[in-house]
1. Within the chain, which whole H helices from DSSP have a Cα span along their axis of at least 15 Å and a mean Kyte-Doolittle hydropathy of 0.0 or more, if any?
2. Given a cut-off of under 8 Å on Cα pairs at least six residues apart, what relative contact order in percent is computed for the stretch 145-249?
3. Of all beta bridges DSSP finds with both residues in the chain, what is the antiparallel percent, to the nearest 5?
4. Quick check: from the Cα gyration tensor, does the stretch 37-131 come out rounded (a/c under 1.5), prolate or oblate?
5. If you take volume of the Cα convex hull per residue in Å³ from the coordinates, which of (i) 288; (ii) 143; (iii) 120 do you get?
6. Between Asp151 and Leu49, take the C-beta separation as r, use R0 = 35 Å, and let me know the FRET efficiency to the nearest 0.05.
7. Express as a percent, rounded to the nearest 5, the fraction of DSSP beta bridges in the stretch 91-222 (both residues included) that run antiparallel.
8. How long is the gain from Ser37 to Arg226 if the chain were fully straight, where each residue apart is worth 0.36 nm and the alpha carbon distance is subtracted?
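The values are calculated or read from the model by the stated rules, or taken from the named source; none is laboratory data. Note that this is a predicted model, so its numbers are computed, not measured. Methodologically, a virtual Cβ is constructed for each residue, glycine included, from the backbone with ideal geometry; neighbour enumeration extends over all protein chains shown. Remember, those area values only see protein heavy atoms, side chains included, never the ligands or the DNA or RNA. Shrake-Rupley method; radii C 1.70, N 1.55, O 1.52, S 1.80 Å.
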Amino acid sequence: MTGTGLLAATQSPPHPLSAEHLDHFYRDGSGACAIMSVAHFPDEILTFLQMECLAAFKTAVAEHCDAVVELGCFDGRALEVARAAGVPYCGVDINSGAVAALRERICDEGLEAQATTLVGDAQESVRWSTHVPGRRPLIVLPFNLLGNLPDPRRALLGLRALGGTVLISVFNEQPRTTAVRRAYYARCMTGLAEPAEGRYGGAVFRGAQGFRSESFSALALHRLLRECGLEIRSETANRLGRSLTVGRA
């Protein structure tokens with residue numbers, strides 16, 4: 001999701017799916033804070049996050065992972081997974097303000113020896129992979145991060161090259177989920193458009209500052225993973241979405 005920031009007035013506006021366009025929302029402090037504020041979460045979002053955290057902990061233990069790397073970490077929810085599993089943690093986010101806040105939390109909790117942070121793009125793993133801990137990390141793509149990226153395929157291919165185990169958490173395509181997402185996003189921003197058909201069998205929402213988020217059908221997500229050379233090792237689901245543990249095929 002790295003980009004060049006605001007374009008000059010004489011240039012054409014970026015494509016809605018481009019990294020530059022999405023930077024306006026995810027790099028911006030107000031956009032990222034709004035979408036990640038618990039005050040904006042419908043009740044069912046919390047059960048989705050609980051499922052995700054439990055799946056991450058179970059995977060870290062079952063796969064004998066020696067670190068947890070959370071992409072799009074924002075406030076570092078997976079830090080608790082790493083703490084419970086007794087392994088190092090690294091939080092990676094494109095939003096420098098979020099990374100600074102997480103680093104302050106790490107210091108306040110005396111976790112400097114266990115936890116680190118990086119400003120980085122989930123789609124550019126080659127740029128930060130040498131700085132993350134562990135030889136068998138669990139790489140967590142939380143809270144539908146895969147559906148917020150301009151190019152999910154590019155991100156998955158990059159993570160496959162890293163090795164390790166990947167935990168992916170995504171919203172499903174069901175009408176109920178789409179309704180919950182609509183209510184959630186409407187609390188976070190103005191200018192939210194009605195959902196459209198996405199690239200992966202789900203619904204895509206767009207809003208102010210380049211906000212964009214799409215969901216996945218199980219069939220389309222499984223196909224995408226196979227095309228990226230990844231196999232599913234375990235999967236858990238509730239009525240909003242699913243968390244999948246994947247690794248190299």
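1. Correct list, ordered by number: 43-62, 96-108, 152-162.
2. Relative CO of the stretch 145-249 lands at 33 percent.
3. On the way: 19 of 36 bridges.
Counting DSSP beta bridges with both partners in the chain, the antiparallel share is about 55 percent.
4. Numbers: a/c = 1.38, a/b = 1.11, b/c = 1.24.
Verdict is rounded for the stretch 37-131.
5. (iii)
6. Values: r = 25 Å, r/R0 = 0.71.
Working from the Cβ atoms, E equals 0.90.
7. Values: 6 of 13 bridges.
Of those bridges, close to 45 percent are antiparallel.
8. Numbers: separation 189, 0.36 × 189 = 68.04 nm, distance 3.37 nm.
Value of the extension gain: 64.7 nm.
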